[in-house]
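**Student:** Right, I'll just put the structure down here and ask away after.
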Amino acid sequence: MAATVRTATETTGGRTLGGFGYRAETMTTAHWVVAGLAAVTGGIHAYLYLTQGFLPFGFAAVVFFAAVLGLLLNVYRRALYALGIPFTLGQVAMWYLQGMPDFTLGVVDKAVQLALVAMLVYLLLNERRLVARSR
C-alpha cells in the first residue's frame, strides 16, 4: 500500500507547511532554477553597480539576492513570485527605455530575466493549483 506524500510545494498562507527556515525538501528543481537565475541577474547587477556606481544597479542586486534568500528560507513564496514578476519585467522595460546600454551584457541579463519571469509564472500558477486542490 502506497503512503500519501505531500509535495514540497504544497503551501498554506503563502509559506511552506513546515514554516520558515531552510529545509532542502521544500526546494523543487523549479525553485533551484529560480534561485540560480535570480543569483545570476543579481550578480550582473552587482558587477554593474561596482563598475559604474549607478545606484539602481545596486538596489536591483540587493533585491535579487534578498529574493534568493527569501526563497531559500520559505518566506511567503507566493508573494515572492507575485512581486518578482513585475519587478523583473520592469528591469527589462527600463533597460529598453534607456536605450539598451551595455548591450551585450544587457542581452545576457535580459535573457536570464525573461527565463526567471517564465519560471516565476510557472511556480505561481503551480502554487495556486496546489492550494485550490487542497481545499
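Taken together, the values in this text are just the output of simple stated rules run on the coordinates, not laboratory data. If you're wondering where the values come from, they're calculated on a predicted model, not measured in any experiment. Cβ placement follows ideal geometry from the backbone for every residue including glycine, while neighbour counts extend to all protein chains displayed.
**Student:** Considering only residues that are farther than 18 Å from L37 by Cβ and assigned to a helix (DSSP H, G or I), look in the stretch 55-77 and name the one that is farthest from the chain's Cα centre (by Cα).
**Tutor:** L55
**Student:** Continuing with the same structure: List the residue pairs whose Cβ atoms are under 7 Å apart, where the first residue sits in the stretch 89-112 and is without any contact (Cβ under 8 Å) to a residue 24 or more places away in the chain and under 18 Å from T51 (Cβ atoms), the second is among the basic types (K, R) and in a helix (DSSP H, G or I), and the two are 6 or more positions apart or on different chains.
**Tutor:** Cβ pairs passing all conditions: W95/K110.
**Student:** Do the conditions hold for V121, that is, is it in a helix (DSSP H, G or I) and surrounded by fewer than 18 Cβ atoms within 10 Å (Cβ to Cβ)?
**Tutor:** yes
**Student:** Right, something else. Answer yes or no as to whether L116 is hydrophobic (A, V, I, L, M, F, W, C) and in contact (Cβ under 8 Å) with a residue 40 or more places away in the chain.
**Tutor:** yes
**Student:** Residues of the stretch 79-110 being within 18 Å of V33 (Cα to Cα) and surrounded by fewer than 14 Cβ atoms within 10 Å (Cβ to Cβ), which ones?
**Tutor:** A79
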